[in-house]
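Okay, structure first, notes after.
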Amino acid sequence: MNTLKYFLKDIRNDFVQSRYNQKRSESLSIWNVKALEMRFPVFSIAFENPFVTQWQIDSFQSHVSNAQLVICDNSRDLAKRQGIREICEKAGVVYIALPASTITHPNRSHSLAMNWIYQNLVLTHNIQQFGFIDHDLIPVSSFNFSDVDLNKVGFYGSLYGGGLKTWQLWAGYCFFGKSCRNFNKLDFMYDFSLSLDTGGRNYKHVFRHYTADHLKFAPNLNVELKVGNSAFDIQLIDHAWLHIGGISYNQNFEKKADNMQRLKSQLDQGCSIESLRTGKQNPVLANVLLSKNVLV
């Protein structure tokens, strides 16, 4: 019964994706020019939070080298879209207005956006390497994309596993190069039949051909920070990127806003992330069984 359910949902998702990919954006004319300058575009799918987008842009421009940030706006609120557009224009960052969508399912909306970007911005302009970062992923120390090795297997990112036999790169930190298997056939739709999140269909296209414990992934830790009188846990990826987490499709950011604003203030004043760490940390488990013989 579940097999039939997932089969029908896959048909539905493919139909919705096909129609969405055909939608045009007012920003494509800008991309036709800007794409010529792109050596390593890193796409961030903004959603309804100008404060976080501003923070990400400022930090990216301060800490990241050899990559170009591209803000792709998936916001439904027109006022917030305008606010994000103005932030990008002021910072000189490429802004792409994603086509409007009525989809409210968070995974489906995110997958549609990623696939639209891949089809309309990457493949159509022969981009040789690219990546996606979450819109609430903030670089807090120097990061050079020249150090991201995409030559061997053609992909790199943060490991995420759904089941005992399946795994993927987390959609919020994943990078692909031309040497990636099936580079022209990537699919960022989720695959719940394999217990995989946004981007999970790439397990069938790419990841199943590799044994995860033979590959290099981005280190992923939960660390405790102390800012003023408050101590809180936050995700630190690749020793350089803070992930605020859980702010896109609910009101979780309101619960975190005070801490995040204080944290931003401390970092803006020159505090290093290391100086704010208490020393407590735990690895973020990928929920994947890393055994040489289980990936099929």
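The values are calculated or read from the model by the stated rules, or taken from the named source; none is laboratory data. Keep in mind the model is a prediction, meaning the values are calculated, not measured. Cβ: placed from backbone, ideal geometry, glycine included. Neighbour counts: every protein chain shown.
Remarks
- As for the stretch 46-53, it holds at least one residue that is surrounded by 13 or more Cβ atoms within 10 Å (Cβ to Cβ) and at positive phi.
- Candidate set from the stretch 179-195 (those that are farther than 20 Å from residue 119 by Cβ and touching a helix residue (DSSP H, G or I) at 6+ places or on another chain (Cβ under 9 Å)); member that is surrounded by the fewest Cβ atoms within 10 Å (Cβ to Cβ): 192
- Filter result for residue 156 (part of a strand (DSSP E or B), touching a residue at least 40 places away in the same chain (Cβ under 8 Å) and under 17 Å from residue 209 (Cα atoms)): yes
- Strands (runs of 3 or more DSSP E) wholly inside the stretch 221-296 that include at least 3 residues being modelled with pLDDT of 85 or more: 230-237, 241-243
- Test: residue in the stretch 170-178 that is in a loop (DSSP other than H, G, I, E, B), crowded, with 18+ Cβ neighbours inside 10 Å and out of contact with any helix residue (DSSP H, G or I) (no Cβ under 9 Å at 6 or more places or on another chain): no
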